[in-house]
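The values are calculated or read from the model by the stated rules, or taken from the named source; none is laboratory data. Computed from a prediction, not measured in an experiment: that's the story for all the values here. Neighbour counts run over all protein chains shown; Cβ positions are idealised from the backbone, glycine included. Each accessible area value is taken on the protein alone, full model and side chains, heavy atoms only, with ligands, DNA and RNA left out. Shrake-Rupley method; radii C 1.70, N 1.55, O 1.52, S 1.80 Å.
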Amino acid sequence: MRWIKWLAAVVLLLALAAILGLPRLNDFQREGRLVLSGLKAEVRVVRDEKGMAYIHATDENDLIRAQGFVAAQDRLFPMQLTRLFATGRIAELAGEKGKKSDILMRTIGFARQARRHEKILDERTRRIFQNYVDGVNAFISAGKDLPLEFRLAGIKAEPWTIADSLAILYYMGWNSAANLKTEVIAQMLVEKLGEAKARELSPININPDDPLPIVKPRIADAAVRPRLNLAGDAQMMDLLREMEGSLRIGSNNWVTGGALSASGKPVLANDPHLDARILPGPWYPTGLITPQIRAVGVTIPGIPGMVAGRTGRIAIGMTNSYGDAQDLYVETIDPANPANYLEGRKSIPFEAIPETLRIKDGKAPGGFREERIMILLTRRGPVVTGILPDLKSSRVVTVRWSPFETMQPSLGLDRILAARSVQDVRAAIGEFTAIMLNFVFADMDGRIGWQTSGRLPIRSRGDGTFPFAVTDDQDNWSGWIPCEKMPASDAPARGWLGTCNHFTVRSDYPYYYTSHASPSYRYRRLTEVLDQPGKKTVDDHWALQRDEMNVMAREIAPVIAKALLGRPETAALGSLLEKWDFRDRADQAAPLIFHAVYERFAFEVFRDELGDELARAMLGDWYFWQERLQRMVREGESPWFDDQGTTAKEGRNELFQRAALAIIAEAKASGNADPAKWRWGDRHRITFVSPLRREGIGREFFGGGAHPVAGSQETLYRASYDFNRPYDVTVSASLRMVADLGDSDKVLAVLPGGVSGRQFTGHYRDQIIPFMNGEKRYWWFSDREIANHTKTVQTLAPR
């Protein structure tokens, strides 16, 4: 126990130091003059009450250089962490715990691809990135006011490169095209059940705006599909686990035309859903101002410009479109030469790329040890499994990702700052191939639009739902969906556009877009509210982002309540559900009853046919099964309700009762037997943590604490958790923003952490409470309001 007392003493000393002096030790110069090499003229940086910087420059080059410098002042340590993750170097900080992540990142090859991409950038794009990088490096090379976190973590602040920024961009993009788990689960289901039975569980994708929504099963012909046993492959399971814990992307966005706005101008709302638990949060807000540009918005630290916010002419926000840009391929190793793989009768050498991992190790000389790994690639992409033997041959699985094959000289989003119309925004998005997103936007002339980004393959064989078996040298990606055919819209008759990660294409869309999309619940709720007559104020949009109505529960909870009322042991739960208004409020018992019973019911439905492990794997992918199971519940009867492990014939209601009895037993065992005293917010919580202390003693002090959360996976107030680890929130709004183009003074916006990435400083976590409580915070837009809220002024001067 001595080490526990020692650790507690260290934490106490750090706490006292934090109170008495660490804020000063970890701050930086915010006022006066500093030299920034490469500027053509002085740049003025003012900061408001939130610590948010508004950069005033004479031209775009100086503006972006100063943006890099200011981002480094605030966020250099989080930038370093993201770079370590994206480039496969996190083991240098985390030791053995980070090794699997590093192997995955090196295998996928974000850093390799970023170096290739840097070589083809056009002059304008290269200039923008170079100015940003030069600004970051100017702060690092000055060696003054570097974040304390570097010393505490035992790592150094390293020079930044354009390739580092591009690697982060690819890292973001990888997580926006995440249907690999769908492919693996679909393969496992067919191997377990056979094609016909697996077809009954295939994802249902519904577009509520489509009069004939697509519900076709996505199970293709299994005759040529090899048996892979992916669940038994350690590398594949590591890949899925690392993806599960990596950056997660969701979101809501919508834009209303002036006819629906109280101001008479378009209003745009955006709340990107990410894992925002690590302080200060993923987004970095700044004001960017020159004689030609006026913008306030956010970007990912390490990437220049703005990806969500408003300018003097346009407003823009994004969500994940889940366009399917990833495919798995089953490749056959040449039995005559294991260094080769086969395409029909052709034997082709694997490309072999050696990589050296550097792993923190206190026992090694210098504190680090090195391990060499070999990355193998086929023409489609890197090998992501071990050897998968069957009776006839040995196989491996590779992964293919479209952004690696569709690099462009311009990244497109760097042109958002200069865009003056929806047409300009649409053209900029058309050049953005790295991430599959839904953008909504508006301009001062009253026009609104929606456009998807990225490049998606046209698949001549297979549809991306299953691993594709390579049997010849014919590429099943026969081309790319033309930019002008990517899902998009403008001038809708209803007067608004919005997306909630749902299936946005219609049944007459000529191409396969995705089989992995959010259930329709959030978008259906958005439609209910925005289609109501009357103009909407900014406050209405702000409230809608925190709307707790659960449309799925509205359809299913009455069925559950009726089933539970039919048995005395579960009647108390049924009574509470019967009186529920279907809002996932934190201070109510009914939401906890609904989610606990329904999710246990889902497990009971599938566990007998699939087994516990496969059932939990499938249920862990919410998008795979939710619409399908909801349909079964509504229809009332399904062979899946009958438990194959008993001689009785169970139905839907029996399984609901069984699920409720299990929940009641668990509650009694924990000493909480009275369901009337249960509260959703007691179990459904989000915990904000410091990257320096994510768990253990001191986590609460260094982090932002645990907070009860309303909403759920299915509400506009998004607060999602892992199915197999309920109910700790993992995905939630990482920003709430409402931009009214009729308001020339401000943008309504709040973060779940703060502006600064420096532990102990005042703006590291000062927005947590307003974020959780729904309080309003603002980005200032006009010169007058920026001046009214200025707290510090700094001048960056040319050398």
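Every residue, every condition in (1) buried (at least 21 other Cβ atoms within 10 Å of the Cβ); (2) more than 23 Å from residue 798 (Cα to Cα), yes or no:
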{"position": "145", "(1), (2)": "no, no"}
{"position": "150", "(1), (2)": "no, yes"}
{"position": "153", "(1), (2)": "no, yes"}
{"position": "156", "(1), (2)": "no, yes"}
{"position": "165", "(1), (2)": "yes, yes"}
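The residue pairs whose first member lies in region 120-135 and is farther than 15 Å from residue 305 by Cα, whose second member is of a type in the set (Phe, Trp, Tyr) and modelled with pLDDT of 95 or more, and whose beta carbons are closer than 9 Å, counting only pairs six or more residues apart or on different chains, are 121/129.
Of the residues making up region 179-195, those that are at pLDDT below 90 and in a helix (DSSP H, G or I) are 180, 181, 182, 195. Among the residues examined, residue 686 does not qualify as within 34 Å of the chain's Cα centre (by Cα) and either in a helix (DSSP H, G or I) or of a type in the set (Lys, Arg) (or both). You will find that of 156, 99, the residue that is touching a helix residue (DSSP H, G or I) at 6+ places or on another chain (Cβ under 9 Å) and outside any helix (DSSP H, G or I) is 156 and no other. Hey, among the residues in region 320-373 that are open to solvent by 60 Å² or more (accessible area, probe 1.4 Å) and under 22 Å from residue 227 (Cβ atoms), which one's farthest from the chain's Cα centre (by Cα)? That would be 335.
If we keep just the residues of region 488-509 that are open to solvent by 50 Å² or more (accessible area, probe 1.4 Å) and within 25 Å of residue 204 (Cβ to Cβ), which is nearest to the chain's Cα centre (by Cα)?
Here is the first cut: in region 488-509, the residues open to solvent by 50 Å² or more (accessible area, probe 1.4 Å) are 490-491, 493-494, 506-508.
From what's left, within 25 Å of residue 204 (Cβ to Cβ): 494, 506-508.
Values: 494: 29, 506: 25, 507: 27, 508: 29 Å.
The selected residue is 506.
Considering region 760-773, and only residues there that are open to solvent by less than 20 Å² (accessible area, probe 1.4 Å) and assigned to a loop (DSSP other than H, G, I, E, B), the residue that is farthest from residue 685 (Cα to Cα) turns out to be 761.
Any residue at all in region 476-494 that is touching a helix residue (DSSP H, G or I) at 6+ places or on another chain (Cβ under 7 Å), at negative phi and in a strand (DSSP E or B)?
Filtering region 476-494 for residues touching a helix residue (DSSP H, G or I) at 6+ places or on another chain (Cβ under 7 Å) gives 483, 490.
Pick out the ones that are also at negative phi and you get 483, 490.
Imposing the further condition that a residue be in a strand (DSSP E or B) reduces the set to 490.
Scanning region 476-494, I find at least one residue that is touching a helix residue (DSSP H, G or I) at 6+ places or on another chain (Cβ under 7 Å), at negative phi and in a strand (DSSP E or B), so the answer is yes.
Given the condition free of Cβ contacts under 8 Å to residues at least 12 places away in the same chain, within 22 Å of residue 407 (Cβ to Cβ) and among the charged types (D, E, K, R), answer yes or no: does some residue in region 97-111 qualify?
Step one: list which residues in region 97-111 are free of Cβ contacts under 8 Å to residues at least 12 places away in the same chain, which gives 97.
Now narrow it down to the ones that are within 22 Å of residue 407 (Cβ to Cβ): none.
For region 97-111, residues free of Cβ contacts under 8 Å to residues at least 12 places away in the same chain, within 22 Å of residue 407 (Cβ to Cβ) and among the charged types (D, E, K, R): absent.
When you scan region 86-106, how many residues do you find that are within 21 Å of the chain's Cα centre (by Cα) and surrounded by 24 or more Cβ atoms within 10 Å (Cβ to Cβ)? Total meeting the criteria: 4.
A quick yes/no check of all residues on (1) in contact with an Asp or Glu (Cβ under 9 Å, 6 or more places away or on another chain); (2) over 30 Å from residue 347 (Cβ atoms); (3) at pLDDT 95 or above:
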position: 383; (1), (2), (3): yes, no, yes
position: 386; (1), (2), (3): yes, no, no
position: 401; (1), (2), (3): yes, no, yes
position: 409; (1), (2), (3): yes, yes, yes
position: 424; (1), (2), (3): yes, yes, yes
position: 427; (1), (2), (3): no, yes, yes
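The set of residues in region 51-83 being part of a helix (DSSP H, G or I), of a type in the set (Asp, Glu) and surrounded by fewer than 24 Cβ atoms within 10 Å (Cβ to Cβ) consists of 60 alone.
Checking 755, 793, 747 one by one, the residue that is in a strand (DSSP E or B), β-branched (Val, Ile, Thr) and either open to solvent by less than 20 Å² (accessible area, probe 1.4 Å) or without any contact (Cβ under 8 Å) to a residue 12 or more places away in the chain (or both) is 747 and no other. The residue that is least open to solvent (accessible area, probe 1.4 Å), among those in region 532-566 that are among the small types (Gly, Ala, Ser) and not in a helix (DSSP H, G or I), is 534.
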